[in-house]
Every structure is written in C-alpha cells, then in structure tokens.
Amino acid sequence: HERDTGVDMMRAVCLCALLASSAAFQPVLHGSFTAASASKGVRATSAARPSLRKATGPMMFETSVFEKETFEFSVAPDPTKEDILRGGRDKFPLVAKAFEGMKQIGVIGWGSQAPAQGQNLKDTLKEIGSDITVKVGLRKTSPSWKAAETVGFTEKDGFLGTQDDVIKESDLVMLLISDAAQANDYKTKIEPLLKKGATLGLSHGFLLGHLESRGEKFREDINVILIAPKGMGPSVRRLYEQGKKVNGAGINASFAVHQDYTGKATEIALGWGIAIGSPFIFETTLQDEYRSDIYGERGILLGAVHGIVEGLFRRYTAQGMTPEDAFKNSCESITGPITKLISKNGIMAVYESFSGKEKEQFEQAYSAAYTPAKDVLQEIYDEVKSGNEIRSVIMHGDRFDRFPIGKIDGTYTWKVGEKVRAARKEDEIPMNPVTAGIYVATMMAQIDVLREGGHSYTEIVNESVIEAVDSLCPYMHAKGVAFMVDNCSRTARLGSRKWAPRFDYMLEQQAYVDLDANKPVDQAKIDKFVKNPVHKAVEVCCTLRPSVDISTTGESTAQDDLSFTFRS
C-alpha cells in the first residue's frame, strides 16, 4: 500500500519559476502581504464549509497569508481569467503562518510522491525554524521502512511510525498510498482514525471519484484538500534541491479545497504547495483533477504516444525504412525535436517549421488523425467521468497478486529503441512531418475534449501539453517510452496498456488508410487548429518556462529507482 497516488510520473514545470511580465501576461496583484493582514487569519467554523471558490467565482480564491495574482490566460473567443500563486524559497517563511496551530504532519505511504514531498516539507520547515514534526507512517512490516530511514525518517528520532499511529496523531495527513489502496482502506482503516478538525491531504482526486461512485462522502468534521504536483516524485525532489541555488526551480502544482471545516483549508493547501517547492500553484477541484489526470495519462501523456509509436514504427518499416530509421522517424522524432520545439515555442511552432511538401504532409496527417484520435479520447473521458475507469483500476487491484502487470520493454520496437538511443546523435534526429501531424492532432484532440468538458486552461495546458513535453518526454527520450510505461503508477500502467492498442488500431484502420489513399487536406480542420484559443495559453506558458530543465540524472536524495512500483 505504499505506492503513490495518481500518475507517479514526471509532470510539467513550464508554468513555474519566475513569472515574467509580458504583453501576453498582465497580472493584477491582490493585496500586498503584510504582517498585519496575515495576523487576521481565517475564522474557524463549527461545521464543514464549502470551498471559497464558490463565493469568488471559477478559479478565483482568497488568501490572507499569501499574495495571489489574477491573469488573463486566454482571449476572445474564449476569454478566461484565473488566480494563481507564485512560489519560491523566498515565500517559505509564510508557510509558518499557513500552518499555524499544527504540531505534526503525517506522510502516509512511501511510493513516488511520499519520499519527495516528505523530504521537501521537512527541509522547508527546518529552514524556517518551525517546530512542526514531519512523520512518515508505514506498516511495520513494510519493505519501505528501511528506505525511509536512509533519508532521515528514523523511528528513534520520532520521524517514523506505524501508519495507524501517525494518522491518529497528525494535524495534516498526506495520504500518498496507491489509488487502489485508498479505495479499499479509506472508509474502514483511515477515516475513522482522523481526529476532528484534521486536514486530509491528497495528491490525486481518485479517492473522490471512488466515493462518488459508491454514493459516499468524506466525514464532515475534517478539511479535505489537494496538492497535485505536476511531476513524478523524483523530479519534485530533484528540482527542490536545484531550487536551493535557483529560486523558483521546482514542479508546479494544482490545488483544491473540497471541504473547509476549520476555515483554514485554503491557507493549508497553499502552504503545502509552497513548502514542497512548487513555484506556480493554480486552482482546480478534486473532480476536475481526477478526470483530467486519469484521462491525460491514457491519452497523449502515455497511452496515445505509446500507441502512436508502435503503429508508426510498423508503418515506416513496411514502407522500406530500416528498423533504426523507423524508430528515429517515429519515437525519436516525438521525444526529441517535436516536443522540444513545443516546449520552447508552442504547438504552432511545429506547424510553422514546415514548408512546401512537408507542410502538406503535416496537414494531411493532421486531417487524417484528428477525428479517429478524438473518438478514442472522448471515449476515455466518458469512461473516467462515469466512474468505469476508476472501477477497473480497483478491480485490477483485487486480482493483482494473481495477475501482476507485465512489462512491454521486451518487444521488438523497444529493443530497437535501445540500440538507437545508445548510438544517438541529437542533431541527426529527424522531425518527420507525418509523425508531427499525427502527434499534434492527438494532442489537439485531447485539448478540445477537455475544454468541451469545462476544464480550465491552466489545467488543460498542464495535463495535455506541458506535462507531455516538459515532463514525460524528457524522461522518455533519456530512458525510453517503454521505461516510462513500465515504471509509473499502477493506475497509469493499466491505462496505458488498455488504451494504447486502441490508438494504434484506430489510427491504422482510419488515419493511415486515408493517408495511403492520398485523401486531400481537410482545410476546415486546419483552420480550426490554427485559430484554437489554446495557442495563446500555450504561448504564455512558454514565456514562463523555468530557468532550469528537469533533472533526470546526477547526485540527489530523490528516490530515482522506480522498480518499487512493481512491488505487490
């Protein structure tokens, strides 16, 4: 039960670091922070209160501890404004006020997020001279017990204890066990132990989706909040360490206040995000988070890119390319020049980089792939929204001991990939226009499904663009798509294996048939692509890119070995 909730994967950092002002970005400051304003706090109430965002409008929140900013994230025909909070080590002293009254923070589990968030919290609180204890809670027989002790969470010093005891003692309980474990144990083994007025902290909204599917709710006398770092645990830790030299280096996060019993839930959530090093924090809801997150990992983040590569690799070899060239023109093209260009200059930069015959090839591929990809993506979103996908994860958990998840890295495609990476010359990786058209069409289809589902642009850009190009693809490029598919959370591994074949077959049966028939470009689709309001949002995000890239190697106290995710 000590695996991480959600997609234990690298996620986005583009919406972080120092948010520079630009013509595309005009923040409006709300109330400069002063000691006097901080001392006012938030009035506690005796009954659970709704999230403050209901009183202030969509993605607008109130804080008396931190200084938020409101900015225009997109313009006509789909204008939106959202509140955000910038982080950085210079904000660490404010965490003491946000956590006022706390004596202990419990970190439950030891998967991907727990080691990173636990260490970051402990270091931040030590840096500001706080006497709040950060204590890890595990089963006494857990193989993770020694792993926690090796990074300073020792039982003799009061930083490590049994799961039940830590839950009972803690004012903030960060529940970072696996999704399936949360679903199975929350109501019977966890919630009864939470003390009245405690804060339940989640890093994935999966548990809410499970409770909703059963007609159940959280206990009313607790706060329920979420901080969801947009990156896997090792990156959360590594960039926090890098941030000691570069203020603002870190993994951005979404936050949500689902239940505010004490009146302090928003401040606690924001303080948590700042304390683990998030340089950019934006608001969501538990419901929107689990829908976009589970959906995204089955789409362009993992499942879709897995399926696209498998299909294009076969297609290119069938057209006469050597296996090595086929891998370069499919996988390497995506994880290398295509996503790197999106990261720095946006999605439109890929389209605009082509001319003449190559631009026509891109347009043909985009025209052929958009509808088949959106067909699968809409089905995924509907399955997540209905609760079916959540139920499938839980059911698999029940049979995991009999049918553990196998690996994919032994197949021919990925074995060729190992040879290609070993001999890689970065400047020789092609940016194949057909591959680019297929990939971009799938990314845009994913974006459109989320926007049609009512999701905010901050969430859309994080889950469908930034997380892909600035988080997952750098790791895929370094270690392979198969490595990432085989070494993410159980929820993500299941989703990728389930939906990757659907993308593969749908594209082969529809998109590639159209390409082979030399079907003309669908100009209406291209015009819609070019005029999509999301490009403005992506453009702004690119201007806010952090000054450091995600670290995938080098000395660190991060738990980089992801083999623990295969533990039963």
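The values are calculated or read from the model by the stated rules, or taken from the named source; none is laboratory data. These numbers were taken from a predicted model, which means no experiment stands behind them. Positions of Cβ are generated from backbone atoms using ideal geometry, with glycine treated the same way; all protein chains shown enter the neighbour counts. With ligands, DNA and RNA removed, areas are computed over all heavy atoms of the protein, side chains included. Shrake-Rupley method; radii C 1.70, N 1.55, O 1.52, S 1.80 Å.
Would you call T154 at pLDDT 95 or above, more than 20 Å from T199 (Cβ to Cβ) and surrounded by fewer than 20 Cβ atoms within 10 Å (Cβ to Cβ)? Answer is yes for this residue.
Being buried (at least 23 other Cβ atoms within 10 Å of the Cβ), farther than 20 Å from V461 by Cα and touching a residue at least 12 places away in the same chain (Cβ under 8 Å) is a property that holds for G118. Residues satisfying the criterion are absent from segment 497-514 (criterion: at pLDDT below 85 and either within 30 Å of A181 (Cβ to Cβ) or open to solvent by 10 Å² or more (accessible area, probe 1.4 Å) (or both)). Residues in segment 504-546 that are under 30 Å from T70 (Cβ atoms), out of contact with any Cys (no Cβ under 9 Å at 6 or more places or on another chain) and basic (K, R): K528, K531, K536.
Per the listing E212, E241, E191, the residue uniquely open to solvent by 10 Å² or more (accessible area, probe 1.4 Å) and either touching a His at 6+ places or on another chain (Cβ under 7 Å) or modelled with pLDDT of 95 or more (or both) is E191. Among the residues here, K140 does not qualify as more than 13 Å from W272 (Cβ to Cβ), part of a strand (DSSP E or B) and among the charged types (D, E, K, R). Check D427 against each of (1) free of Cβ contacts under 8 Å to residues at least 60 places away in the same chain; (2) under 30 Å from Q182 (Cα atoms); (3) of a type in the set (D, E) and name the one condition it does not meet. Result: D427 passes all but (2). Which residue pairs have Cβ atoms closer than 7 Å, lie 6 or more positions apart in sequence or on different chains, and pair a first residue in segment 312-323 that is part of a helix (DSSP H, G or I) with a second residue that is among the hydroxyl-bearing types (S, T, Y) and open to solvent by less than 40 Å² (accessible area, probe 1.4 Å)? Listed by first residue and then by second, the contacts come to L312/S330; L312/T435; F313/S330; F313/T413; R315/Y512; Y316/S330. Of the helices (runs of 4 or more DSSP H) that lie entirely inside segment 339-397, those containing 3 or more residues that are within 22 Å of G311 (Cα to Cα) span 356-386.
Reported count of residues in segment 396-423, each being open to solvent by less than 40 Å² (accessible area, probe 1.4 Å), closer than 30 Å to E324 by Cα and of a type outside the set (F, W, Y), is 6. I84 falls short on exactly one of the conditions (1) outside any helix (DSSP H, G or I); (2) over 30 Å from C541 (Cα atoms); (3) not charged (D, E, K, R), and that condition is (2). When the criteria are applied in full, R451 meets the requirement of being under 15 Å from R291 (Cβ atoms), out of contact with any strand residue (DSSP E or B) (no Cβ under 6 Å at 6 or more places or on another chain), open to solvent by 10 Å² or more (accessible area, probe 1.4 Å) and not hydroxyl-bearing (S, T, Y). Across segment 265-290, the number of residues qualifying as surrounded by fewer than 24 Cβ atoms within 10 Å (Cβ to Cβ) and either part of a loop (DSSP other than H, G, I, E, B) or within 13 Å of the chain's Cα centre (by Cα) (or both) comes to 2. Reported count of residues in segment 121-149, each being open to solvent by 20 Å² or more (accessible area, probe 1.4 Å), in contact (Cβ under 8 Å) with a residue 60 or more places away in the chain and more than 15 Å from G271 (Cβ to Cβ), is 3.
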